[in-house]
Amino acid sequence: MSEDRSMDKFVVTSLRQGAGKTSVIIGIAKVLKRKIGYIKPFGERFLYRKKRLWDYDAALITNIFGLEENPEYVSIGFHHSKLFSMLDEAATCEKLQELLMSVGEGKEIFFAECGKDITYGVSVHLDALAIARNLNAQLIVVADGDDDAILDDIVFLNNYIRMGDVRCKGIIINKVAHAVDFRETHLPRIQKYGIEVLGVIPYYKELDCFSVGYLADRLFAKIIVGENNLNRIVKNIFIGSMSADAALKNPLFQEEGNAVIASGDRSDVIVAALENKAAAIILTDNMAPSSNLISMAAESKVTLLLVSADAYEIAKQIDGMESLPTKDDLGKITLIEQMVRDHINLQALMQP
């Protein structure tokens, strides 16, 4: 088995966590409509299925594009300590080459998605530059943040990160609040550094919303009822530590589409959430509500998610999540495809 020399290979990294690497890959692949290969060498968004561990991004992309690879096998590892003890640099390079050969066979375009940021995995030889060098792939850097943070990151990348023999194809600037103003004000300054800007993507509020299914996956929640309503969009998160009367005084609580975090013994808050057509109720401390409330939730088409952690820990986890689609979030996936089509220079990206 040999590598297809005509296959375009890209390593996608970012300067900060949550910049939108996965969405950029999905959008590019959707617009180009080429046969893709995908790996996530260092998995870090854990997803447990059938007593096995894999990366959420890997599972998402293999499902969206119907890839034949099992998500479990497109990652080399998930934990620094295990990788450090099991693989030295030479063995890691060999594993990367094996992934390239197996996953890349017969493909037209190949993506390797890196971990949280450009430095993640450097101690185990799985940082962005090491992966790009080993795979002989071009680097795509995704930047996001406010205008000043984006400029600081790009100048830092230019001044202090030595690419060596790695070719940086360009930068994609994502989630820009005022994209037109950014292009007019800051783009000329960035281009003076000789950096290829492949696109400036505006901020899309719709992409920042969670679906109930996404929360269920990321929280490792057991679905008690409501499996048919996992595509509902969550507009606000409420912690049910207050009384039901206090919650009902909040106008946002009375809107549809909320996710309410409460333990199963808080029947007053659960009833209030059901009556106000919440999208989901996240039941903490492994405490399920009464059978009557479960029946009410089923009749109201409200998803009940059971988790083992307490309310504070669940709220903390949700606060740290990057919003990604699920394989069934067709609206989000279509929007991601359109944003790439409209705002990324794919001709420049695919030029040799």
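The values are calculated or read from the model by the stated rules, or taken from the named source; none is laboratory data. Since the model is a prediction, treat every value here as computed from it, not as a measurement. Heads up, the Cβs are rebuilt from the backbone with ideal geometry, glycines too, and the neighbour counts pull from every protein chain shown. Keep in mind that these areas ignore ligands, DNA and RNA; they rest on the heavy atoms of the full protein, side chains included. Shrake-Rupley method; radii C 1.70, N 1.55, O 1.52, S 1.80 Å.
Cross-link partners among aspartates and glutamates for Lys235, C-alpha distance below 12 Å, same-chain residues fewer than 8 apart left out?
Glu206, Asp208, Glu255, Glu256
Can you compute 3J(HN,Hα) from phi for each residue in the stretch 269-279, using the Karplus curve 6.51 cos²θ - 1.76 cosθ + 1.60 with θ = phi - 60°, rounded to whole Hz and x for Gly and Pro?
5, 5, 4, 4, 5, 5, 5, 9, 6, 4, 6
With everything on Cα atoms, drop me the angle between helix 330-343 and the longest principal axis of the chain, reported from 0 to 90° to the nearest 10.
Roughly 30 degrees between the two axes.
Starting from the Cα-Cα distance between Thr119 and Asp310, subtract it from 0.36 nm times their residue separation and give me the gain in nm to one decimal.
Values: separation 191, 0.36 × 191 = 68.76 nm, distance 3.22 nm.
Value of the extension gain: 65.5 nm.
In terms of the ratio Rg/(2.2 N^0.38 Å) built on C-alpha atoms, what value belongs to the stretch 1-150?
Numbers: Rg = 14.6 Å, N = 150, 2.2 N^0.38 = 14.8 Å.
Normalised by 2.2 N^0.38 Å, the Cα Rg of the stretch 1-150 equals 0.99.
Hey, what's the Cα Rg ratio for the stretch 35-93 versus the globular rule of thumb, 2.2 N^0.38 Å? List each step's numbers first, then the result.
Details: Rg = 12.1 Å, N = 59, 2.2 N^0.38 = 10.4 Å.
With N residues counted in the stretch 35-93, Rg over 2.2 N^0.38 Å equals 1.17.
Can you give the accessible area of Ile294 in Å² (nearest 10), computed on protein heavy atoms with a 1.4 Å probe?
Ile294 has an accessible surface of roughly 40 Å² with all protein chains in place.
Taking every DSSP beta bridge that has both residues in the chain, what percent is antiparallel when rounded to the nearest 5? Please list the in-between numbers first.
Details: 10 of 47 bridges.
If we restrict to bridges inside the chain, about 20 percent are antiparallel.
Work out the FRET efficiency for Lys277 and Ile195 from their Cβ-Cβ distance, taking R0 = 41 Å, and round it to the nearest 0.05. Can you show the working numbers first?
On the way: r = 48 Å, r/R0 = 1.17.
Efficiency computed from Cβ-Cβ geometry: 0.30.
Calculate the spin-label point distance for Gln17 paired with Asn158, positioning each point 7 Å from the Cα along the beta-carbon direction, and give it in nanometres.
The two pseudo-label positions are separated by 2.8 nm.
Between Asn63 and Met242, with labels modelled 7 Å along Cα→Cβ, what's the label distance in nm to one decimal, could you check?
Each label point is offset 7 Å from its Cα along the Cβ direction, giving 3.4 nm.
Could you give me the ³J(HN,Hα) list for the stretch 81-89, computed from phi with Karplus coefficients 6.51, -1.76, 1.60 and θ = phi - 60°, whole Hz, x at Gly and Pro?
4, 5, 5, 5, 7, 9, 10, 8, 4
Excluding residues fewer than 8 places away in the same chain, name every one of the lysines whose C-alpha is closer than 23 Å to that of Lys95.
Lys9, Lys21, Lys35, Lys40, Lys82, Lys107, Lys116
Compute the accessible area per residue over the stretch 96-174, keeping the other protein chains in place, probe 1.4 Å, unit Å². The partial results should precede the final answer.
Working: 2960 Å² over 79 residues.
Counting only protein heavy atoms, the per-residue value for the stretch 96-174 is 37 Å².
State the percentage of accessible surface on the chain attributable to carbon and sulfur atoms; use a 1.4 Å probe and exclude ligands, DNA and RNA. Before the final figure, lay out the partial values.
On the way: 7990 of 16500 Å².
Carbon-and-sulfur percentage of accessible area, whole number: 48.
Distance between Cα centroids, the stretch 70-100 to the stretch 269-332: provide it in whole Å.
36 Å
Run the simple label-point estimate for Ser102 and Asp148 please: 7 Å along Cα→C-beta, distance reported in nm.
Calculated label separation equals 4.8 nm.
State whether the stretch 214-303 is rounded, prolate or oblate according to the following rule on the C-alpha gyration tensor (a ≥ b ≥ c being the square roots of its eigenvalues): a/c under 1.5 gives rounded; otherwise a/b larger than b/c gives prolate, and the remaining case gives oblate.
Values: a/c = 1.40, a/b = 1.20, b/c = 1.17.
Rounded, because the longest to shortest axis ratio a/c is under 1.5.
Please list 3J(HN,Hα) in residue order for the stretch 237-253, calculated via the Karplus relation 6.51 cos²θ - 1.76 cosθ + 1.60 where θ = phi - 60°; whole Hz, with x for glycine and proline.
These are the phi-based 3J(HN,Hα) values: 10, 10, 9, x, 8, 8, 6, 4, 4, 5, 4, 5, 6, 8, x, 5, 5 Hz.
Skipping prolines and chain starts, which residues have an amide H placed within reach, meaning under 5 Å, of the one on Tyr38, given they are 5 or more residues away or on another chain?
Here Phe111 satisfy the definition.
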